[in-house]
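These notes concern the structure reproduced below.
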């Protein structure tokens, strides 16, 4: 009888342990792991007048892979190089998975339009550019506009003032104090609406704001057929590499000259290159893909930012550290503008 009880307890224990092991491998936790992603040939996404750049070499955009963690994968990530654990809150804020994907698509669309504009300027090609306002990507729950705005709304006017880009929008709003009221006008599904509310103090930023994340919304009309088509890639960080590929096509240039060139960075209207996240993982992805050159943003931080964050590194500095760690022969090149990248390719 005792043996039967003992065997029963053993069986129950084995079942419990098996369930725990399976759960540790299968059940997804509210944490994500950022890992080196891929290096994609920009040629596959970009065309001008129906033609792709078939010269030797390539421009490559680089990505960061993101996967939701299980107990086992999160423990493993603690000990593996170039794997970083981030909470769902830090990665997505208050957005759902579906909203996060939509935000990435909005960012990519904005990045594509800006890359087209900058490349057309470089190639001295005519176009018509219309700034439509800012896309609302997310609204903080504590925002006084939380019940009025939602993702996808297009804000085009603040206190009867229009603006030329999101920086002007943010500069105007941040010139005011928390508690001050302002009125915004926005479009939703083509219908014009307005809302009035007080500004809030933005956490960790020492300035007032509406409490939204945003991205530029613009429309571009060109005489030539300029296309960028991406499906499974989101975010704004491919702006620089799109610009380089488009410029070569528009101006009939061969800046690559057979080289495998990777890089990352947002592109702004004036051609400046902005910082991005996960550049250490992008260095690994580029090295695995055989890149010999990597363009890394070197954004200049203000004295105020450096005072608050004395250990803050530029993307370029982070990239150099990662390149040394993996002992790559790939040349990491700092760029502040698209002109820096083109000058380097011309002179080297």
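Return yes when residue 194 is within 25 Å of residue 150 (Cα to Cα), touching a strand residue (DSSP E or B) at 6+ places or on another chain (Cβ under 6 Å) and at pLDDT 90 or above and no when it is not.
Spelling it out, residue 194 is indeed within 25 Å of residue 150 (Cα to Cα), touching a strand residue (DSSP E or B) at 6+ places or on another chain (Cβ under 6 Å) and at pLDDT 90 or above.
Those residues that are within 26 Å of the chain's Cα centre (by Cα), in a strand (DSSP E or B) and surrounded by fewer than 16 Cβ atoms within 10 Å (Cβ to Cβ), I need them from the range 149-204; list them, please.
Correct list: 188, 201.
Rundown of residues vs (1) surrounded by fewer than 21 Cβ atoms within 10 Å (Cβ to Cβ); (2) touching a helix residue (DSSP H, G or I) at 6+ places or on another chain (Cβ under 8 Å); (3) modelled with pLDDT of 95 or more, yes/no style:
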position: 288; (1), (2), (3): yes, no, yes
position: 297; (1), (2), (3): no, yes, yes
position: 301; (1), (2), (3): yes, no, no
position: 308; (1), (2), (3): yes, no, no
position: 321; (1), (2), (3): yes, yes, yes
position: 339; (1), (2), (3): yes, no, yes
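Given 221, 245, which one is touching a residue at least 12 places away in the same chain (Cβ under 8 Å), more than 30 Å from residue 309 (Cβ to Cβ), buried (at least 20 other Cβ atoms within 10 Å of the Cβ) and more than 18 Å from the chain's Cα centre (by Cα)?
Just one listed residue meets the conditions, 245.
Within the range 75-109, restricting attention to residues that are touching a residue at least 12 places away in the same chain (Cβ under 8 Å) and assigned to a loop (DSSP other than H, G, I, E, B), which residue is farthest from residue 142 (Cα to Cα)?
Among residues in the range 75-109 that are touching a residue at least 12 places away in the same chain (Cβ under 8 Å) and assigned to a loop (DSSP other than H, G, I, E, B), the one farthest from residue 142 (Cα to Cα) is 81.
May I ask you to list pairs of residues, at least six apart or on different chains, whose Cβ atoms are under 7 Å apart, with the first in the range 146-171 being closer than 13 Å to residue 218 by Cα and the second being assigned to a loop (DSSP other than H, G, I, E, B)?
Here the result reads 156/162; 165/269, each pair linking the range 146-171 to a residue that is assigned to a loop (DSSP other than H, G, I, E, B).
The values are calculated or read from the model by the stated rules, or taken from the named source; none is laboratory data. Everything quoted here is computed from the prediction, not taken from an experiment. So basically every Cβ, Gly included, is an ideal-geometry build from the backbone, and we count neighbours across all protein chains shown.
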